[in-house]
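Visitor: Input: one structure, supplied below.
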């Protein structure tokens, strides 16, 4: 991304899919809300189609209850607004031990973070909760 230019982040499709799923929307429901076909939406999410028109991007943002800027790869420290975990993960390159993490690896990391934050961490379900987090960690390690 060039300095001063706002464009879709490299992981736009992953961010779109995560936000759609977090709203509980199926591809069909999201497509209806955005006036596109489920196939088109699926191609956006999978990365086979990039750069939707500004009108479609606006429809997507409205359907998800967010702004178009959510999908633009901007640096958050310069915008003065708070960023969601999804935006931080998918609108930025993340490096670990000198390697840029792939979109799939960032998706796995985000699942771990959101799961850990969502768990109540009470004694009665602690073992099941730890098992669930452990399974997500295994998924992450297989991804890397």
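The values are calculated or read from the model by the stated rules, or taken from the named source; none is laboratory data. Computed from a predicted model, the values in this text were never measured in an experiment. Please note: Cβ atoms are built from the backbone with ideal geometry, for glycine as well, and neighbour counts cover all protein chains shown.
Visitor: Restricting to the stretch 126-144, name every residue that is surrounded by 13 or more Cβ atoms within 10 Å (Cβ to Cβ) and more than 14 Å from residue 109 (Cα to Cα).
Guide: 129
Visitor: While we're here: Among the candidates 139, 87, 143, 135, single out the residue that is assigned by TED's automatic domain parsing to the domain that holds residue 12 and under 24 Å from residue 20 (Cα atoms).
Guide: None of the others qualify; the one that does is 87.
Here's the yes/no breakdown for (1) surrounded by fewer than 20 Cβ atoms within 10 Å (Cβ to Cβ); (2) touching a residue at least 40 places away in the same chain (Cβ under 8 Å); (3) in contact with a strand residue (DSSP E or B) (Cβ under 6 Å, 6 or more places away or on another chain):
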residue: 20; (1), (2), (3): no, yes, no
residue: 25; (1), (2), (3): yes, no, no
residue: 39; (1), (2), (3): yes, no, no
residue: 50; (1), (2), (3): yes, yes, no
residue: 54; (1), (2), (3): yes, no, no
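Visitor: Can you tell me which condition residue 24 does not meet? The list is (1) out of contact with any helix residue (DSSP H, G or I) (no Cβ under 9 Å at 6 or more places or on another chain); (2) part of a helix (DSSP H, G or I), and all the others hold.
Guide: Condition (2) is where residue 24 drops out.
Visitor: So which of 93, 82, 45 is modelled with pLDDT under 90 and either farther than 29 Å from residue 135 by Cβ or part of a helix (DSSP H, G or I) (or both)?
Guide: Values: 93 fails: either farther than 29 Å from residue 135 by Cβ or part of a helix (DSSP H, G or I) (or both); 45 fails: modelled with pLDDT under 90.
Exactly one of 93, 82, 45 is modelled with pLDDT under 90 and either farther than 29 Å from residue 135 by Cβ or part of a helix (DSSP H, G or I) (or both), namely 82.
Visitor: Now for a different question. Residue 86 - would you say it is more than 30 Å from residue 29 (Cα to Cα) and touching a residue at least 60 places away in the same chain (Cβ under 8 Å)?
Guide: no
Visitor: Would you pick out the residues in the stretch 92-125 that are over 24 Å from residue 8 (Cα atoms) and surrounded by 11 or more Cβ atoms within 10 Å (Cβ to Cβ)?
Guide: The answer is 112, 115, 116, 119, 125.
Visitor: May I ask you to say which residue of 130, 117, 109 is assigned to a helix (DSSP H, G or I), free of Cβ contacts under 8 Å to residues at least 40 places away in the same chain and within 30 Å of residue 37 (Cα to Cα)? Please lay out each step first, then the result.
Guide: On the way: 130 fails: within 30 Å of residue 37 (Cα to Cα); 117 fails: within 30 Å of residue 37 (Cα to Cα).
Going through 130, 117, 109 in turn, just one is assigned to a helix (DSSP H, G or I), free of Cβ contacts under 8 Å to residues at least 40 places away in the same chain and within 30 Å of residue 37 (Cα to Cα): 109.
Visitor: While we're on this one: Residue under question is residue 109, and the condition is that it be under 24 Å from residue 25 (Cβ atoms) and either outside the structural domain of residue 25 (by TED's automatic domain parsing) or at pLDDT 95 or above (or both); does it hold?
Guide: yes
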